[in-house]
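Accompanying notes for the structure given below.
What follows draws every value from the coordinates through simple rules; no lab data is involved. The shown structure was predicted, so the numbers you read here are calculated from the model rather than taken from an experiment. So basically every Cβ, Gly included, is an ideal-geometry build from the backbone, and we count neighbours across all protein chains shown.
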Amino acid sequence: MLRASFDERLPWLAGLHTPDEDVRFFRHQVLPGSQAYGAFDDVRLIGIIAFREGWIDHLYVLPNAQRRGIGAALLAVATSAWPDLSLWTFQRNVGARNFYERHGFIAVEETDGSLNEEKEPDVRYRWRRP
């Protein structure tokens, strides 16, 4: 699911990791230090969010399941758990940026990408509970 979402919405970064590398990353780095929740249709996982105090580390919804409220529902889990959250997304990921801005996140920092693995300019968003 991660790879399908990432590759369709960010094709310029396709193939950065293998599926096995993605599984190892989630199993050994993301899940041990995060709260993770999934959204399911009748037969499969269609969305996931992983967050920890102060940070949303991952939010993915399968492209063919987007625009149905799944991302908003997953985001609501994180915003109900913590009063102040930040996240990073790529500057070119206009769909994600619009999604976060619709849900009250504000861009607070932009970088040239030199410090991220993808070397892709990114933007940090912040949300605070009213």
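Overview of values
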quantity	calculated
Share of alpha-carbon pairs per 10 Å distance bin for the chain, given as whole %	12, 43, 40, 5, 0
Leu45-Glu21 FRET efficiency (beta carbon distance; Förster radius 25 Å; 0.05 resolution)	0.85
Calculated Rg and Dmax of the stretch 1-74 using C-alpha coordinates, Å	12.4, 32
CD proxy at 222 nm, helix term only [per DSSP H run n ≥ 4: -39500 (n - 2.57); per residue of the chain; nearest 500]	-8000 deg cm²/dmol
Simple spin-label estimate for Asp112 and Asn98 in nanometres, 7 Å along Cα-Cβ	3.0 nm
Inter-probe distance in nm under a simple model that places probes 7 Å from Cα toward Cβ, at Ala81 and Arg67	2.9 nm
